[in-house]
1. Mind checking whether some residue in the stretch 560-580 is surrounded by fewer than 23 Cβ atoms within 10 Å (Cβ to Cβ) and modelled with pLDDT under 85?
2. Condition check: buried (at least 19 other Cβ atoms within 10 Å of the Cβ), modelled with pLDDT under 90 and closer than 16 Å to Arg441 by Cβ. Does Tyr540 satisfy that?
3. Looking at Ala413, is it among the small types (Gly, Ala, Ser) and modelled with pLDDT of 60 or more?
4. Give the residues of the stretch 322-345 that are within 18 Å of Tyr465 (Cβ to Cβ), among the charged types (D, E, K, R) and over 32 Å from the mean Cα position of the chain (by Cα), sorted by residue number.
5. State whether one or more residues within the stretch 49-62 are of a type in the set (D, E, K, R) and under 22 Å from Ile143 (Cα atoms).
6. Of the numbered conditions (1) farther than 28 Å from Gln502 by Cα; (2) within 34 Å of the chain's Cα centre (by Cα), Tyr561 satisfies every one except a single condition; which is it?
7. I'd like to know if the stretch 502-523 contains one or more residues that are crowded, with 18+ Cβ neighbours inside 10 Å, of a type in the set (D, E, K, R), under 23 Å from Ala631 (Cα atoms) and touching a residue at least 24 places away in the same chain (Cβ under 8 Å).
8. Of all residues in the stretch 143-171, count the ones that are surrounded by fewer than 17 Cβ atoms within 10 Å (Cβ to Cβ), in contact with a helix residue (DSSP H, G or I) (Cβ under 8 Å, 6 or more places away or on another chain) and under 27 Å from Ser31 (Cβ atoms).
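The values are calculated or read from the model by the stated rules, or taken from the named source; none is laboratory data. Just so it is clear, the structure is predicted and the values come from calculations on it, not from any experiment. Glycine gets a Cβ as well: all are built from the backbone with ideal geometry, and neighbour counts include every protein chain shown.
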Amino acid sequence: MTQLTIALNKTVLSDLNMRQGDVDVSDLIASMKARVAKGLPVLIQNLGATMQLDADGKETGVAEIHVGGRRWRALNELAKAKIIKRTHPITVNVTASREDAMVETSEENDVRLPPNPVDQYENFARMIEAGHSPADIAARFNIDEARVHRRLKLAKVSPKLLALYREGTIEFEQLAAFTLADDHAVQEAAYFDVPEGWARNAGHIRKRLTEGEVDASTDRLARFVGMDVYRAAGGAVRLDLFSLKGEGFIQDVALLQRLAAEKLSAEAAVLEGEGWKWVRVEPEINWQEMDAMGRIYEVDLPLSEEVTAQIEKLSEQYQALEAEGQGETVEGAAAMDAIEAQLYELEASGRQWRDEEKALAGAIVYIDTDAHAKIRRGMVAPEDRKAMTALTRAREAGEAVAAADDGDTTKIATVQAEASGAGISATLRENLSVQHSMALRAALLDNPTVALVTTVHRMLLIGHYRNNTNARQHGAAPFEGLGWNDNLDKHVNDIRETVAGQKVATAQEAMTAALPADPAQLWDYLVVLPEARLLEVLAYAVQHMVYAVSGYGNARVASAYQMAEALSLDMADYWTATVPSYFGRVGKGEIASAVREAKGDEAAAGLASLKKGEMAEQAATLLADTRWLPAALRTRGVNDVQGGQADDADQLAEAREPSDIPEAA
């Protein structure tokens with residue numbers, strides 16, 4: 001190998017160089033410019049080259065660069081910028097054979113190691129001592145100034161720990177974690193005083209060095225308050241230059257909590273005058289306590305004539321724009337979106353809280369997981385739940401009587417839906433609604449007419465009533481996106497083992513045998529079916545879509561009760577009250593109420609002295625052959641309380657009367 005000094009414009013990039021195509025050389029340009037400015041040689045290391053040969057094998061005087069392709073590109077960029085001349089002399093190491101050149105270019109790129117962070121820190125430290133600023137160093141190496149500060153931060157690390165890093169015993173993430181403490185003894189204790197293994201990883205080191213502090217980048221309160229506000233209030237921060245955001249750890253947690261409470265209190269101002277019994281500000285919400293609370297919700301109240309007129313007018317405007325095809329234009333689509341937003345606000349204006357319920361409930365202002373202030377209205381404290389239940393039952397009883405007097409079946413179904421959870425837990429209510437949904441599926445198999453009504457009902461809600469934002473809340477069979485995809489067994493694991501589930505499974509086996517295996521052939525199969533058979537297939541198809549689980553809104557549950565009435569569904573054919581299914585999951589008051597309905601006051605009174613478990617067992621035995629059903633599973637006109645001794649309105653009223661048997665046992 002020989003050395004040769006040659007003009008830059010007498011060199012070209014060799015086809016042997018591994019870095020072909022566009023390559024980033026901005027870091028090299030910055031470094032070379034700094035060296036030129038100081039009058040230093042542009043290149044620190046020679047390039048590698050082979051001499052170009054012509055067709056006769058003679059040298060042309062041009063050197064082909066196979067080692068140092070990035071540096072060669074950077075030199076040419078400097079020449080284009082007239083920082084150096086195109087004839088600038090450079091020294092190259094000349095390799096005689098192309099075979100050797102192939103090996104050299106591979107070794108140059110594959111064997112080279114990136115700089116050790118500790119070595120880099122020591123080099124930067126020497127440059128600082130020589131008078132260079134962090135900004136100068138960053139510009140010299142074309143790196144972010146924060147990276148220079150991070151490397152210099154390693155000066156705080158104990159020499160013992162630095163030695164461990166050089167030996168490869170610890171990783172850089174661990175080394176970076178030690179910079180959170182200035183005291184070498186504290187750093188060493190965080191590593192050497194704990195067992196080897198996971199306890200020495202970077203996360204645990206950080207945790208030990210910042211005990212009692214909170215991470216500003218992840219803590220909800222810190223993100224909610226904001227670091228600028230915290231610092232302005234005099235809060236101390238332990239900086240972590242190695243974190244992604246370079247924020248660090250908040251050291252005054254009490255100050256942070258106070259600032260969060262003050263900001264939340266300002267958010268809570270909107271609750272003034274709303275009539276709640278109480279308002280609580282909780283920066284860090286206790287979800288166990290929240291789960292122990294009850295909950296009330298807004299209700300749909302009749303809209304005023306003025307609001308109704310506005311809705312009708314806006315709906316006409318929307319339909320006119322739609323008929324003109326305005327939705328295909330940007331301006332028209334924007335206008336239609338604006339009308340939709342107005343319609344939503346007007347229709348939502350009918351949703352209100354009942355004043356008598358607000359007097360027993362409250363609101364909690366808290367910080368959610370995204371560090372935003374949230375308000376949860378309608379929370380009922382444990383001590384107020386009994387009073388709220390009594391209030392709800394009394395109101396529902398009155399509404400049921402009024403609805404029956406008016407002959408309003410829709411209102412009766414709505415009242416039943418709202419009352420279906422009275423006296424029972426949300427989990428049990430969901431379980432019963434799943435049982436009800438599966439039984440509706442089974443009953444639909446035998447009633448194609450109701451299946452047809454269900455289909456027409458849903459299609460009209462989706463199409464004809466598409467401008468009514470509440471329309472899709474109704475209907476027990478939401479075709480779009482539910483049914484097949486929302487299986488009931490995700491709520492109740494053994495639902496397919498029930499009587500109703502087995503009936504549906506049998507129908508599915510029969511239909512699988514009848515329908516074509518290839519979906520592409522389904523149309524041809526259906527189009528020639530006799531009408532009666534087609535309706536049977538319709539009933540099978542629609543039953544898959546029945547999904548009236550309680551958590552999806554009372555409107556859907558009310559529709560399920562209407563469907564049950566049309567089917568004359570008797571849930572006693574599909575469900576029996578046992579200890580696991582009901583009595584073991586309700587309070588003593590509900591058990592006594594069930595026995596009273598089915599067996600009379602004397603039988604109910606005989607259970608009063610029993611413990612909860614004994615009472616549940618006895619009730620299950622007493623009601624085993626009575627076909628008794630809880631209110632959530634009754635069908636109007638089919639299931640009468642106490643063998644038909646009460647009419648429909650009385651059933652809804654009496655079934656919700658609070659029991660005088662105490663809950664505690």
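1. Within the stretch 560-580 (the criterion being surrounded by fewer than 23 Cβ atoms within 10 Å (Cβ to Cβ) and modelled with pLDDT under 85), the answer is no, since none of the residues qualifies.
2. The answer is no for Tyr540.
3. No, not satisfied.
4. The answer is Glu322, and nothing else.
5. No - not one qualifying residue is present in the stretch 49-62.
6. Unmet condition: (1).
7. no
8. Number satisfying all stated conditions: 6.
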